[in-house]
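The values are calculated or read from the model by the stated rules, or taken from the named source; none is laboratory data. Note that the coordinates shown come from a computational prediction; the quantities given were computed from them, not determined experimentally. Cβ coordinates were reconstructed from backbone atoms using ideal geometry, including for glycine residues, and neighbour counts include every protein chain displayed.
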Amino acid sequence: MSAEEPTARRVLVTGLATTWGGQLARALESHPQVEAIIGIDSSEPRVELERTEFVKVSNRHSLLARILRAAEIDTVVDVRLAVNSVAMTPAEAHENNVIGTMSILAACQESDCVRRLVFKSSAHYYGSEQDDPAFFTEDMRRPHRPRTRLERDIVEAEGLVAEFAHTTPRVGVAVARCANVLGPGLDTAFTRLFALPLVPMILGFDPRLQFVHQDDVVRALEFLTLSDLGGTYNVAADGVLALSEVISLLGKRPAPVVPPVGTGLLASALRVVGVRVPEELLNLLRFGRGLDNRKLKAAGFTYTHTSREAVQRLGEHLRLEPVRRGLEPAYTYEREVEAFLRWSPYVRRERRGGREGVEADHEPLGI
Amino acid sequence: MASDRTPLGATVEPAAEEDQGPPGTEVALPAEPEARRALMPAIEPERLVNDWGRSERVEGAIDRTLYEFFYRYWFRVEVEGIENVPDRGGALLVSNHAGALPPDAAMIAKALRDEHPASRRLYITVEHFFKGYPGFSMLLPKVGGVAAHPANVHRLLYDEGECVLVFPEGRKGTEKLFKDRYKLRRFGRGGFVRAAMRAEVPLVPIALVGAEEAMPVFAQVGLLRKLTGLIYFPVTPTFPWLGPLGILAYLPAKFKIRFLEPIDTVALGGREAADDRALVQTVAQEIRARIQENLHDMLAERRSVWFG
């Protein structure tokens with residue numbers, strides 16, 4: 001990936017229980033120059049991890065700072081931002097996105113080993129409005145004030161990160177603004193929308209939408225973590241699709257049933273009945289959004305999926321969904337088992353590490 | 001080091017290769033068009049819609065039927081000086097504008113597609129409010145409409161090397177009444193000149209005769225405009241008398257499109273001079289004067305509104 005990277009890295013990943021945290025930690029494990037990986041979250045990880053040390057901790061900055069200092073962490077990867085309203089209530093999202101970001105930044109500031117911060121943000125930063133450019137570049141500010149709480153929180157969190165970057169010059173800060181992510185394990189407003197048998201559209205609108213495949217987001221985060229890049233990067237796959245195109249790629253039928261006038265009123269009415277319409281979708285379904293992804297490509301990153309391919313992968317997943325439903329999760333975290341595997345003298349370390357790319361001679365945690 | 005790192009706002013200076021080093025080197029888009037083009041999204045031939053939302057299928061269907069009818073038989077379009085549009089690379093076309101639902105853009109696009117030796121396709125800048133109109137929002141991008149945002153125009157001209165049509169009169173042109181026909185309105189703030197200079201592409205002025213008579217606007221009704229929420233509420237020979245469809249009922253005026261000598265923006269100073277407001281204003285004025293002059297010339301030659 002990033003060219004020669006001689007210096008060893010000691011990485012802390014926040015939000016290990018999220019898809020991003022788990023997948024990113026797994027990806028980082030295969031890099032020998034990453035000598036330590038610590039993952040923190042308030043709930044348990046959902047993927048099997050080889051040498052990542054999981055610490056269950058809330059977003060309290062004093063505790064975080066102690067972990068950072070004790071493990072001499074030099075790279076913090078913050079992937080915990082909630083970027084769609086189906087996962088959390090607005091109040092929880094605010095707590096996580098704004099207060100959580102504040103405490104992580106405070107902890108980074110306190111611990112003087114930290115040299116690098118990678119922050120996963122979202123293209124919701126740009127919003128979706130009538131007078132948007134067709135392709136947002138990283139240097140564009142959003143033309144209007146945020147409309148939804150989620151957007152407001154994301155803008156505020158990015159503002160905090162930008163301020164941190166200015167006041168703490170010893171830390172290089174990279175921000176990844178991800179387009180709407182599609183992937184098999186994800187539960188977002190869009191995957192829910194596309195799982196419906198008839199996909200509702202706002203009558204008279206066919207917005208341009210851009211997606212990025214889950215694996216590409218993980219790879220981009222991995223790339224940014226191991227590189228020395230600073231600044232903001234859009235993470236979005238090649239290709240901006242029309243919603244009608246997306247629906248036909250999924251093999252679904254469009255239902256242009258949402259009235260163009262009073263869409264917000266309809267959404268609030270539905271909310272009263274108990275159907276929560278993710279409010280960040282309303283404008284996206286009307287005006288859409290496109291991102292300019294060339295800056296990250298210029299930095300040397302290559303995408304494995306285009307937007308179209310990401311949609312096709314989702315289509316395959318959605319078709320398999322009824323068959324897969326009810327199967328046991330492949331992995332559940334058991335504290336004792338993990339401790340045994342990591343620390344017991346009876347575990348033969350040279351025979352473990354069967355997972356591709358992991359060399360057997362890694363000491364757990366590298367201590 | 002971090003003081004010049006600006007994750008939000010402020011444009012990013014290109015980072016030199018030498019001063020790479022921790023913490024945090026910012027990468028910027030390369031300035032050369034070739035390098036930028038290499039980073040453009042890959043073209044997927046299976047797709048029916050391009051990244052701007054343009055659909056060859058929808059456009060082709062409309063082109064073969066509606067446009068063809070209007071172009072060949074209704075307006076009997078006559079084209080002059082099409083060779084002034086370059087065969088390849090970006091070009092910014094600047095035209096006068098008229099009609100409540102202006103037919104001029106579609107006819108210029110059709111002329112470029114049918115008469116130009118390289119059969120160039122044209123992107124037409126439309127105002128942002130169309131993106132908020134149901135129906136229009138869906139249809140306009142499909143046939144080559146692009147929101148008139150400077151970033152959009154720059155990407156099309158500089159990175160993609162496409163032809164872009166602008167109407168600097170904008171809404172003021174379509175609002176004007178029949179008695180003011182062929183009197184050019186103010187040419188915006190000269191943003192189009194700046195766009196062409198930044199992209200270093202030629203400016204091709206266009207004088208177009210016929211659109212004013214195809215849909216003469218006799219009055220604008222302010223009250224009805226407010227009540228209907230439209231951008232304007234014109235009174236034409238057929239609208240609102242024939243209902244919403246009346247907006248498509250054009251009179252069979254003879255169309256003449258004259259492509260004028262291109263203006264070389266590189267000779268004017270190119271990218272470096274794009275921020276020179278005085279120069280930009282002067283060039284905008286000059287283009288306006290040339291179009292006006294050619295309109296007068298064409299009108300003087302014209303013996304009949306309907307037969308040319």
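General observations
- Residues that are assigned to a helix (DSSP H, G or I) and away from every other protein chain (no Cβ under 11 Å) were ranked within segment A:112-130; the one that is surrounded by the most Cβ atoms within 10 Å (Cβ to Cβ) is A:HIS124.
- The residues of segment A:244-261 that are of a type in the set (A, V, I, L, M) and either in a strand (DSSP E or B) or surrounded by fewer than 24 Cβ atoms within 10 Å (Cβ to Cβ) (or both), listed by number, are A:ILE247, A:LEU249, A:LEU250, A:ALA255, A:VAL257, A:VAL258, A:VAL261.
- Which listed residue, of A:GLY239, A:GLY290, A:GLY231, is out of contact with any strand residue (DSSP E or B) (no Cβ under 7 Å at 6 or more places or on another chain), more than 22 Å from A:LEU198 (Cβ to Cβ), surrounded by 22 or more Cβ atoms within 10 Å (Cβ to Cβ) and at the interface with chain B (Cβ under 9 Å from one of its Cβ atoms): A:GLY239
- When residues in segment B:81-99 are screened for being assigned to a loop (DSSP other than H, G, I, E, B) and in contact (Cβ under 8 Å) with a residue 60 or more places away in the chain, 10 of them pass.
- Only one of B:TYR133, B:TYR158 that is outside the structural domain of B:GLY229 (by TED's automatic domain parsing), buried (at least 19 other Cβ atoms within 10 Å of the Cβ) and among the hydroxyl-bearing types (Ser, Thr, Tyr): B:TYR158
- Being surrounded by 19 or more Cβ atoms within 10 Å (Cβ to Cβ), within 12 Å of chain B (Cβ to nearest Cβ) and either assigned to a helix (DSSP H, G or I) or touching a residue at least 24 places away in the same chain (Cβ under 8 Å) (or both) is true of A:GLU158.
- Test: residue in segment B:5-13 that is within 30 Å of A:ALA176 (Cα to Cα) and either acidic (Asp, Glu) or at pLDDT 80 or above (or both): yes
- Residues that are out of contact with any Gly (no Cβ under 7 Å at 6 or more places or on another chain), among the small types (Gly, Ala, Ser), closer than 17 Å to A:LEU241 by Cα and within 7 Å of chain A (Cβ to nearest Cβ), drawn from segment B:133-151: B:ALA147
- Any chance B:PRO33 is modelled with pLDDT of 50 or more and either more than 7 Å from chain A (Cβ to nearest Cβ) or surrounded by 14 or more Cβ atoms within 10 Å (Cβ to Cβ) (or both): yes
- Here is the figure for segment B:275-308: residues that are of a type in the set (A, V, I, L, M, F, W, C) and more than 19 Å from the chain's Cα centre (by Cα) total 8.
- Condition met for A:GLY315 (at pLDDT below 85, surrounded by 12 or more Cβ atoms within 10 Å (Cβ to Cβ) and either touching a strand residue (DSSP E or B) at 6+ places or on another chain (Cβ under 7 Å) or closer than 27 Å to A:LEU186 by Cα (or both)): no
- Qualifying residue in segment A:264-282 (condition: in a helix (DSSP H, G or I), within 14 Å of chain B (Cβ to nearest Cβ) and under 30 Å from A:ALA162 (Cβ atoms)): yes
- Restricting attention to segment A:131-146 and to residues that are among the basic types (Lys, Arg) and under 28 Å from B:PRO41 (Cβ atoms), the residue that is farthest from the other protein chains (Cβ to nearest Cβ) turns out to be A:ARG142.
- Residues of segment A:206-243 that are closer than 28 Å to A:ASP74 by Cα, in a helix (DSSP H, G or I) and not hydroxyl-bearing (Ser, Thr, Tyr): A:GLN214, A:ASP215, A:ASP216, A:VAL217, A:VAL218, A:ARG219, A:ALA220, A:LEU221, A:GLU222, A:PHE223, A:LEU224, A:LEU226.
- When A:ARG149, A:ARG145, A:ARG177, A:ARG170 are checked against the criterion of being over 18 Å from A:THR101 (Cβ atoms) and touching a residue at least 40 places away in the same chain (Cβ under 8 Å), a single residue qualifies: A:ARG170.
- The combined condition, being over 18 Å from A:VAL235 (Cβ atoms), among the acidic types (Asp, Glu) and out of contact with any Gly (no Cβ under 6 Å at 6 or more places or on another chain), is not fulfilled by A:ASP139.
- Within the option set B:VAL193, B:VAL201, being over 18 Å from B:ALA105 (Cα atoms) and part of a loop (DSSP other than H, G, I, E, B) holds for one residue only, B:VAL201.
- Of the set (1) touching a residue at least 24 places away in the same chain (Cβ under 8 Å); (2) within 12 Å of chain A (Cβ to nearest Cβ), all apply to B:GLY170 but (2).
- Verdict on A:ALA220 being within 11 Å of chain B (Cβ to nearest Cβ), within 20 Å of the chain's Cα centre (by Cα) and among the small types (Gly, Ala, Ser): no
One line per residue, one yes/no per condition, for (1) in contact (Cβ under 8 Å) with a residue 60 or more places away in the chain; (2) away from chain A (no Cβ under 11 Å); (3) assigned to a loop (DSSP other than H, G, I, E, B):
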{"site": "B:ARG47", "(1), (2), (3)": "no, no, yes"}
{"site": "B:GLU59", "(1), (2), (3)": "yes, yes, no"}
{"site": "B:VAL79", "(1), (2), (3)": "yes, yes, no"}
{"site": "B:LEU101", "(1), (2), (3)": "yes, yes, yes"}
{"site": "B:ALA106", "(1), (2), (3)": "no, yes, no"}
{"site": "B:ARG120", "(1), (2), (3)": "no, yes, yes"}
{"site": "B:TYR123", "(1), (2), (3)": "yes, no, no"}
{"site": "B:PHE129", "(1), (2), (3)": "yes, no, no"}
{"site": "B:VAL153", "(1), (2), (3)": "yes, no, no"}
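- Matching residues, segment B:114-140, being more than 22 Å from B:ARG76 (Cα to Cα) and among the acidic types (Asp, Glu): B:GLU127
- Count - residues of segment A:287-307 that are of a type in the set (Gly, Ala, Ser) and not in a helix (DSSP H, G or I): 4
- Of the residues A:ARG51, A:ARG46, A:ARG66, A:ARG26, the single one that is charged (D, E, K, R), part of a helix (DSSP H, G or I) and touching a residue at least 12 places away in the same chain (Cβ under 8 Å) is A:ARG26.
- Evaluated against (1) modelled with pLDDT under 90; (2) out of contact with any Lys or Arg (no Cβ under 7 Å at 6 or more places or on another chain); (3) over 23 Å from A:TYR233 (Cα atoms), A:ALA70 falls short on exactly one condition, (1).
- B:VAL146 meets all of the listed conditions (1) in a helix (DSSP H, G or I); (2) within 26 Å of A:PRO207 (Cα to Cα); (3) in contact with a helix residue (DSSP H, G or I) (Cβ under 7 Å, 6 or more places away or on another chain) but one, namely (1).
- Whichever residue in segment B:243-294 is assigned to a helix (DSSP H, G or I) and among the charged types (D, E, K, R) and, among such residues, is surrounded by the most Cβ atoms within 10 Å (Cβ to Cβ): B:ARG288
- Condition met for A:GLU29 (at pLDDT below 90, out of contact with any Gly (no Cβ under 7 Å at 6 or more places or on another chain) and charged (D, E, K, R)): no
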